[in-house]
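Below: one structure, written as structure tokens.
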Amino acid sequence: MKKYVIGLDYGSDSVRAVLIDVQNGGELASEVYWYPRWKEQKYCDAGKNQFRQHPLDHIEGLEHTIKSVISESEVKPETVVGICIDTTGSSPMPLTADGTPLALVDDFKENPNAMMVLWKDHTAVKEANEVNELARTWGGEDYTKYEGGIYSSEWFWAKILHVAREDKAVKKATHTWMEHCDYITYLLADHKDLKTFKRSRCAAGHKAMWHESWSGLPSEDFLSQLDPYLAELRGNLYDDTFTSDDIAGHLNKEWAAKLGLTTQTVIAVGTFDAHAGAVGAKIDEHALVRVMGTSTCDIMISSPQVLGDKTVKGICGQVDGSVIPGLIGLEAGQSAFGDVLAWFKNLLSWPIDNLVMKSDLLSEEQKEQLQTEIDTNFIRKLTAQAEQIPLSEAIPVALDWVNGRRTPDANQELKSAFTGISLGTKAPHIFKALVNAICFGSKMIVERFENEGVKIESVIGIGGVARKSPFIMQTLANVLNRPIKVAESDQAPALGAAIYAAVAAGIYKNVIEAAQVMGSPFEAEYFPQYDEVQEYETLMESYKTLGGFVESIT
């Protein structure tokens with residue numbers, strides 16, 4: 001009997017499911033569900049960096065996508081042997097004592113503070129600064145040392161502390177908090193004890209300062225000095241964590257009936273999207289996997305023997321087993337990558353949205369057709385013209401910090417800036433400057449790894465940007481001055497989650513073995529254009545100078 005697994009990948013805008021043949025990694029079916037409430041930007045306020053999501057978007061997407069791939073493929077329910085969830089992170093949500101998301105309780109169903117706090121939410125900058133100050137001054141263990149030495153407003157404790165301070169009703173009604181990847185796994189699994197449910201090592205280690213050397217989460221003594229609430233909450237969280245080749249439970253009766261599957265289906269421990277994506281791209285030691293979408297996550301692995309006791313400064317954590325069980329997972333990234341270009345598109349779209357689309361001179365049908373044409377050609381036209389601008393021409397220098405800086409050295413208070421704008425600067429010049437900026441930000445990450453002694457021998461790109469923009473990928477190869485391979489799979493994180501599921505279900509002995517069989521091949525490779533490499537090195541120095549100036553006055 002053939003066997004199949006499902007990988008479920010929750011991104012910022014949508015969730016996608018893939019049904020994978022465990023024998024060869026072949027994709028039988030896939031389905032994407034776009035979050036309707038998020039599409040309306042409900043519960044969000046970009047002006048103050050508040051980005052919240054209603055759990056119903058994710059629960060409805062779970063049911064829709066899995067039922068769709070089962071229906072499309074027509075596989076027998078008993079042949080689906082495993083499911084694994086990957087999500088964005090850190091994206092925690094508050095739960096009641098019976099495991100219900102607080103946003104599903106009537107009194108809180110429209111309260112943004114009861115929602116999932118999305119990874120890109122930066123309302124907790126003040127709280128993150130407090131974590132960092134205390135970690136350096138309290139006289140005990142520096143709980144940030146395996147988080148790159150700097151705790152971020154994008155992460156678990158800072159977000160929870162901010163919500164608890166801002167909303168006493170939410171604080172009082174909340175029993176515990178769960179990362180998104182843990183909650184969706186908990187929702188499906190038959191193990192319903194919140195205290196003993198198997199939480200993700202990936203999420204806990206990279207975002208919640210969990211580490212085996214101090215027996216788990218930060219101490220109550222440390223947390224109480226931040227706020228007594230955090231010390232109290234610690235007792236309602238967890239002690240141990242688990243890697244995603246482990247079994248969190250089996251599909252419970254309620255969801256087996258909803259999805260048309262059986263209770264024999266294994267539910268693997270959850271994980272984060274970038275780490276699963278690295279597995280889907282067949283990550284190996286000394287390979288840097290760049291997951292390129294709205295933001296980037298940069299993933300590497302290293303043996304404990306090579307890394308030893310060294311802590312890599314200014315990254316987003318190093319955690320045993322967060323990518324490949326038995327190896328140390330290293331994470332870095334940019335808070336905005338595709339989002340930088342999306343911001344520019346939205347900026348240029350203002351007159352279209354507010355004048356053209358509201359004009360009485362056009363019919364509704366004409367407006368709809370025009371909007372479709374604009375959406376199809378906007379970035380394509382900018383790219384075509386930007387590609388024609390030689391590097392010798394006056395191109396502005398920009399910073400990629402439109403959503404702060406994640407790596408190296410997290411600082412979400414930083415803002416973007418431009419220099420070199422003149423009367424001759426046109427939209428394609430600024431677009432090219434922004435593409436350069438996101439690539440220069442990528443180079444800063446590579447330099448940090450190498451300066452900290454982490455060897456990089458190859459670079460792999462996955463995600464929408466990697467597959468859809470040869471212009472960006474060629475620029476990145478020139479800036480990094482090294483070749484970049486692009487994974488073929490449209491759904492590398494979902495594929496990686498499916499690989500974890502196959503191991504948890506006992507099909508393969510370990511993740512490396514499973515990835516070699518099921519992982520994505522490569523569809524393209526970009527090589528540096530050596531006549532442009534030197535010019536990019538000069539522009540890179542201008543980027544560093546501008547960045548240093550902006551940081552000095554922020």
If you go through A497, A492, A515, A504, the only one that is at pLDDT below 95, touching a Gly at 6+ places or on another chain (Cβ under 8 Å) and under 16 Å from I20 (Cα atoms) is A492
Within the stretch 238-294, residues of a type in the set (S, T, N, Q) and more than 23 Å from the chain's Cα centre (by Cα) come out as N252, T262, T263, Q264, T265
Pick from the stretch 95-108 the residues that are surrounded by fewer than 14 Cβ atoms within 10 Å (Cβ to Cβ) and not in a helix (DSSP H, G or I): which of them is nearest to the chain's Cα centre (by Cα)?
T100
Would you check which residues across the stretch 20-33 are in contact (Cβ under 8 Å) with a residue 12 or more places away in the chain and more than 22 Å from A274 (Cβ to Cβ) and list them?
D21, V22, Q23, N24, L28, A29
Could you tell me which numbered condition S322 fails, if it satisfies all but one of (1) buried (at least 24 other Cβ atoms within 10 Å of the Cβ); (2) modelled with pLDDT under 95?
(2)
Among helices (runs of 4 or more DSSP H) completely within the stretch 117-217, the ones holding 2 or more residues that are within 22 Å of the chain's Cα centre (by Cα) and of a type outside the set (G, A, S) are 125-137, 156-166, 180-188, 201-207
Got at least one residue in the stretch 446-460 being assigned to a helix (DSSP H, G or I) and crowded, with 23+ Cβ neighbours inside 10 Å?
no
One residue is enough: does the stretch 405-422 have a residue meeting the conditions farther than 21 Å from Y536 by Cβ, touching a Lys or Arg at 6+ places or on another chain (Cβ under 6 Å) and crowded, with 16+ Cβ neighbours inside 10 Å?
yes
Residues that are part of a helix (DSSP H, G or I) and within 20 Å of the chain's Cα centre (by Cα): does the stretch 47-55 have at least one?
yes
When you look at Q366, is it surrounded by 14 or more Cβ atoms within 10 Å (Cβ to Cβ), in the same structural domain as A433 (by TED's automatic domain parsing) and either outside any loop (DSSP other than H, G, I, E, B) or not charged (D, E, K, R) (or both), yes or no?
no
Members of the stretch 519-543 found to be part of a helix (DSSP H, G or I), of a type outside the set (S, T, Y) and free of Cβ contacts under 8 Å to residues at least 60 places away in the same chain, listed by number
D531, V533, Q534, E537, E541
Just to be sure, is L8 surrounded by 18 or more Cβ atoms within 10 Å (Cβ to Cβ), more than 17 Å from the chain's Cα centre (by Cα), assigned to a strand (DSSP E or B) and at negative phi?
no
Just checking, how many residues over the stretch 73-93 are of a type outside the set (G, A, S), part of a strand (DSSP E or B) and over 23 Å from G333 (Cα atoms)?
4
Within the stretch 25-76, restricting to residues that are surrounded by 16 or more Cβ atoms within 10 Å (Cβ to Cβ) and either outside the structural domain of S152 (by TED's automatic domain parsing) or hydroxyl-bearing (S, T, Y) (or both), the one that is farthest from A502 (Cα to Cα) is Y43
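The values are calculated or read from the model by the stated rules, or taken from the named source; none is laboratory data. Being a predicted model, the structure only gives us computed values, none of them experimental. Counting neighbours? That spans all protein chains shown, and the Cβs are built from the backbone with ideal geometry, glycine included.
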